[in-house]
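Asker: Below: one structure in structure tokens.
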Amino acid sequence: MRVLVTGGAGFIGANLCAELVERGVAVRALDDLSSGLPANLDGLDLELVEGSITDADLMIRVAADVDAVAHLAAPAAVESVDVVE
């Protein structure tokens, strides 16, 4: 089985990648490294692809041969906004 983890270099993504690798799953991690760190994946036998989930051509390529996608890519922080009632 091969799994694509978007946001794979982030805290939650890296921990999921580690668990999947430990279970013998082939992992491909996709991350734009805007807040995730490649060092979070040190020592793991996986493929790290640097890029954005907003790149449709890249997404088609990295998801073409996977059995599942764990979508964890998201901004690390969200700006607060004023709510108008």
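The values are calculated or read from the model by the stated rules, or taken from the named source; none is laboratory data. Keep in mind that this is a model prediction, so the values were computed, not measured. With ideal geometry, Cβ positions are generated from the backbone for all residues, glycine too; neighbour counts draw on all protein chains shown. Heavy atoms of the whole protein, side chains included, go into the accessibility calculation; ligands, DNA and RNA do not. Shrake-Rupley method; radii C 1.70, N 1.55, O 1.52, S 1.80 Å.
Asker: Only one residue in Leu58, Leu20, Leu44, Leu30 is within 10 Å of Val5 (Cβ to Cβ), at pLDDT 95 or above, among the aliphatic types (A, V, I, L, M) and not in a strand (DSSP E or B). Which one?
Answerer: On the way: Leu58 fails: within 10 Å of Val5 (Cβ to Cβ); Leu44 fails: within 10 Å of Val5 (Cβ to Cβ); Leu30 fails: not in a strand (DSSP E or B).
Result of the check over Leu58, Leu20, Leu44, Leu30: Leu20.
Asker: Could you tell me whether any residue of the range 49-68 is of a type outside the set (Phe, Trp, Tyr), in contact (Cβ under 8 Å) with a residue 24 or more places away in the chain and under 17 Å from Phe11 (Cα atoms)?
Answerer: Looking through the range 49-68, none of the residues is of a type outside the set (Phe, Trp, Tyr), in contact (Cβ under 8 Å) with a residue 24 or more places away in the chain and under 17 Å from Phe11 (Cα atoms).
Asker: Would you confirm whether any residue within the range 75-84 is open to solvent by 60 Å² or more (accessible area, probe 1.4 Å) and either in a helix (DSSP H, G or I) or on the phi > 0 side of the Ramachandran plot (or both)? Break it down into steps so the answer makes sense when it comes.
Answerer: In the first step, residues of the range 75-84 are kept if they are open to solvent by 60 Å² or more (accessible area, probe 1.4 Å); the result is 75-84.
Okay, now just the ones that are also either in a helix (DSSP H, G or I) or on the phi > 0 side of the Ramachandran plot (or both), so none.
Within the range 75-84 (the criterion being open to solvent by 60 Å² or more (accessible area, probe 1.4 Å) and either in a helix (DSSP H, G or I) or on the phi > 0 side of the Ramachandran plot (or both)), the answer is no, since none of the residues qualifies.
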